[in-house]
Amino acid sequence: MPKIALITGITGQDGSYLSELLLAKGYRVYGVMRRSSVFTTQRIDHLYQDRHEEHVRFKLLYGDMLDPMGLRRVLSEVRPDEVYNLAAQSHVRTSFDQPIYTGEVVAIGTLNLLEAVRDYRDSSGKDVRFYQASSSEMFGKVSEIPQTERTPFYPRSPYACAKVYAHHQTVNYREAYSLFACSGILFNHESPRRGETFVTRKITRAATRVKLGLQEKLFLGNLEAKRDWGFAGDYVEAMWLMLQQQRPDDYVIATGETHSVREFLELVFSLLDLDWQDYVEIDERYMRPAEVDILLGDASKARDLLAWKPKVNWKELAAMMVEHDVELAQRERTLADAGYALTTNAGS
Ligand code: NAP
Ligand code: F7E
């Protein structure tokens, strides 16, 4: 019998890569998605469109982290072996504008799911395994560099505070109810499928659009913040590995390299033979009330116990994103030349 995985946040960046990985491993993959008035399945449509074996192994169900009864219904319908909780209001800047909503989805939503998983485990007798998408944002105002599983948390945003709550609940369900529950403390991970309001993708989209004459300026906030950026495709493999171990645990997943937003800008624009200083303007709207200045992860535990290490480095990641976004901009250029009005995401 193939293993069954349930993924919340299936329509997001990580949901799409994790689905591909699990389908390739022979799993049946069920995704939880929210109803929306517009299509949100762009990142997973290619999995859906396969009319052969993959198609029947990949299914979507409606559900919301704020609807505990709905989550219970989904669990009893799907009967999963593994549950990956990737759903979140995941944008840090937005969490300052919507702190209560972010707390409800990220913190209480995770608790809703943990409760549903515990009850499902107890009633079905199935040894279900649970993965929680924890975040390096929990380290916030860091007390040491690099950060490990033992570094204290000092969250600096409503998003990070909610992730700390969800992280501790996951640990508590492991200790209190012997649930096989793991938290992956993942540092920033990016890809051509990254949401366009996160800084790396905002930069690769803008630089490639500038190159093709579709955009004149790029408005950014703090260029000095440093992040440990990896490739999302590598990081979903670590999620799966955590659930294949003999005992549940928490792991930092990171590259061990950190770069500033300014360095990322320089790299991306130079890949396109452009000087970023000709196009970038600082806009206060993209500054945060409290900033996380530097993140740098030490993933030695994952390397030693999971045999996990990143395959794509920082420069390869930027080149991959630029290559993808050049193609996208070329398609937009063709549309613009044919007289169609274009829109682009100018969000935070
Ligand atoms: P993402 O692209 O923003 O995707 C978030 C997903 O959550 C989307 O599918 C979204 O659905 C869904 N979602 C939001 N609110 C929901 C709700 N109330 N009920 C059900 N689903 C809901 O995020 P990502 O980059 O893939 O990250 C995956 C997870 O890892 C998130 O929990 C994030 O906080 C965490 N994380 C990310 C990073 C990173 O660098 N990417 C690092 C550490 C941790 P819609 O499509 O309908 O919006
Ligand atoms: O910002 C600075 C900004 O929004 C990175 C999420 O996936 O990773 C992500 O959170 C840095 C920050 O990611 C702009 O101030 C400058 O210092 O790409 P970001 P994030 O906040 O690190 C963690 C691990 C998660 O868990 C989150 O879910 O870039 N920055 N100018 C900007 N950031 C944005 N978004 N837009 C700007 O214009």
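The values are calculated or read from the model by the stated rules, or taken from the named source; none is laboratory data. Remember, predicted model here, so these are calculated numbers, not experimental data. Cβ: placed from backbone, ideal geometry, glycine included. Neighbour counts: every protein chain shown. We work out accessible area using only protein heavy atoms, side chains counted, and drop any ligands, DNA or RNA first. Shrake-Rupley method; radii C 1.70, N 1.55, O 1.52, S 1.80 Å.
Here are a few things to note about the model shown:
- Dipole in debye (nearest 20) - the range 1-122, about Cα centre, beta carbon charges: Lys, Arg +1; Asp, Glu -1: 180
- Reciprocal mean inverse distance between Cα atoms of the range 99-149 - Kirkwood radius, Å: 13.4
- Hz values of 3J(HN,Hα) by residue in the range 277-294 - Karplus curve (6.51, -1.76, 1.60), Gly and Pro given as x: 5, 6, 10, 9, 10, 8, 10, 4, 4, 9, 7, 9, x, 9, 10, 9, 6, 8
- Per-residue ³J(HN,Hα) for the range 60-72, Karplus 6.51 cos²θ - 1.76 cosθ + 1.60, θ = phi - 60°, Hz, x for Gly and Pro: 10, 10, 7, x, 9, 4, 8, 10, x, 5, x, 5, 4
- Degrees, to the nearest 10: 261-271 long Cα axis against longest axis of the chain: 60
- Amide H partners (placed H, <5 Å) of Gln89, local residues excluded: Val106
- Amide H contacts of Ile294: Val142, Lys226, each under 5 Å away and 5 or more positions distant or on a separate chain (H built 1.01 Å from N in the peptide plane; Pro and chain starts excluded).
- Relative contact order for the range 190-348, counting Cα pairs under 8 Å that sit 6 or more residues apart, in percent: 37
- Charge tally around Thr255: other residues with Cβ under 12 Å, Lys/Arg +1 each, Asp/Glu -1 each, net -1.
- Which of Pro310, Gly213, Ser16, positive extreme of dipole for the chain (C-beta unit charges): Ser16
- For Arg129, distant residues with modelled amide H under 5 Å away: Glu82, Val83
- For the pair Phe219 and Met287 in one chain, pulling the backbone fully straight at 0.36 nm per residue adds 23.4 nm over the alpha carbon distance.
- By the rule of a C-alpha distance below 13 Å, with chain neighbours fewer than 8 residues away ignored, the aspartates and glutamates paired with Lys141 are Glu291, Asp293.
- Within the accessible surface of the range 207-348, defined with a 1.4 Å probe on protein heavy atoms only, the carbon and sulfur portion equals 48 percent.
- Rough spin-label spacing in nm, given labels placed 7 Å along Cα→Cβ, for Lys315 and Leu335: 3.4
- Mean Cβ count within 10 Å, highest first, over the residues of peptides 223-231, 62-70: 223-231, 62-70
- In Å, descending, principal axis extents of the Cα set of the chain: 61, 50, 38
- Among 192-201, 300-309, 95-104, the order from most to least packed when residues are scored by Cβ within 10 Å on average: 192-201, 95-104, 300-309
- About the Cα centre, charge dipole magnitude for the chain (Lys/Arg +1, Asp/Glu -1 at Cβ), debye: 900
- Solvent-accessible surface of the range 42-121, averaged per residue with a 1.4 angstrom probe and all protein chains in place: 47 square angstrom.
- Peptides 327-337, 7-17, 120-130 ordered by average Cβ neighbours within 10 Å, highest first: 7-17, 120-130, 327-337
- Using the Cβ-Cβ distance between Arg262 and Glu175 with R0 set to 35 Å, the FRET efficiency from 1/(1 + (r/R0)^6) comes to roughly 0.25.
- Distance from the range 72-127 to the range 242-300 (C-alpha centre basis), Å: 27
- Heavy-atom accessible surface of the range 68-133: percent carbon and sulfur, 1.4 Å: 51
- A dipole drawn for the chain from +1 and -1 charges on Cβ atoms has a positive end, and of Tyr340, Pro146, Phe180 the residue lying farthest that way is Phe180.
- Calculated mean residue ellipticity, 222 nm, the chain: -12000 deg cm²/dmol, from DSSP H runs (n ≥ 4) at -39500 (n - 2.57) each, averaged per residue and rounded to 500.
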